[in-house]
Amino acid sequence: MPHPDKGKDAETLAGSYLERHGLSLLQRNYQSRHGEIDLVMTDGDCIVFVEVRYRRQSTFGSGVETVDHRKQARITACARYYLQQHPTVSARPCRFDVIGISGSLKNPRFDWIADAFPASA
């Protein structure tokens, strides 16, 4: 399990990477009773809820592979709560992205999956 500071560093790197690819940051580490969303961003008119996963090595699978159905359900529930609390953006289209970071944080490799999973029922 990554050290907490490495997790925050990975989120910062992911946010910068996504901004270089045209997304804009709305909020980091949004928390509700349902869980946490690492990054809330916009991509044009779309609200993007981003899960960031850092793995130095992929011996036991990549970071993106660790976002299972339970994690997706928690992210979806938290996103619904976010939209309820932010009515000015609640009618906009949304998607769920996952960005995996591997290797050294000084020389990271990114694996960005846009629209990685649908909203859970």
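The values are calculated or read from the model by the stated rules, or taken from the named source; none is laboratory data. Remember, predicted model here, so these are calculated numbers, not experimental data. Methodologically, a virtual Cβ is constructed for each residue, glycine included, from the backbone with ideal geometry; neighbour enumeration extends over all protein chains shown.
Here is how the numbers come out for the structure above:
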read-out	value
Hits in segment 21-41 - residues which are over 21 Å from ALA77 (Cβ atoms) and either hydroxyl-bearing (Ser, Thr, Tyr) or touching a strand residue (DSSP E or B) at 6+ places or on another chain (Cβ under 7 Å) (or both)	GLY22, LEU23, SER24, LEU25
Residues located in segment 92-111, provided they are farther than 16 Å from ILE37 by Cβ and either assigned to a loop (DSSP other than H, G, I, E, B) or of a type outside the set (Gly, Ala, Ser) (or both)	PRO93, ILE101, GLY103, SER104, LEU105, LYS106, ASN107, PRO108, ARG109, PHE110, ASP111
Count - residues of segment 97-117 that are in contact with a helix residue (DSSP H, G or I) (Cβ under 7 Å, 6 or more places away or on another chain) and of a type in the set (D, E, K, R)	1
Failed item, numbered, when ILE101 is tested on (1) surrounded by fewer than 19 Cβ atoms within 10 Å (Cβ to Cβ); (2) touching a Gly at 6+ places or on another chain (Cβ under 8 Å); (3) modelled with pLDDT of 90 or more; (4) of a type outside the set (Gly, Ala, Ser)	(1)
Unmet criterion (only one of (1) of a type in the set (A, V, I, L, M); (2) closer than 15 Å to VAL48 by Cβ; (3) part of a helix (DSSP H, G or I)) for VAL89	(3)
Leading residue by the ranking (nearest to the chain's Cα centre (by Cα)) among those in segment 78-110 that are basic (Lys, Arg) and more than 21 Å from LYS8 (Cα to Cα)	ARG95
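Table: residues versus (1) of a type in the set (Ser, Thr, Tyr); (2) free of Cβ contacts under 8 Å to residues at least 24 places away in the same chain; (3) part of a helix (DSSP H, G or I).
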| site | (1), (2), (3) |
| --- | --- |
| GLU11 | no, no, yes |
| SER16 | yes, yes, yes |
| GLU19 | no, yes, yes |
| GLY22 | no, yes, no |
| MET41 | no, no, no |
| ILE47 | no, no, no |
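Rundown of residues vs (1) at pLDDT 95 or above; (2) of a type outside the set (A, V, I, L, M, F, W, C); (3) touching a helix residue (DSSP H, G or I) at 6+ places or on another chain (Cβ under 9 Å); (4) on the phi > 0 side of the Ramachandran plot, yes/no style:
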{"position": "SER16", "(1), (2), (3), (4)": "yes, yes, no, no"}
{"position": "LEU26", "(1), (2), (3), (4)": "yes, no, no, no"}
{"position": "ASN29", "(1), (2), (3), (4)": "yes, yes, yes, yes"}
{"position": "ARG33", "(1), (2), (3), (4)": "no, yes, yes, no"}
{"position": "GLN57", "(1), (2), (3), (4)": "no, yes, no, no"}
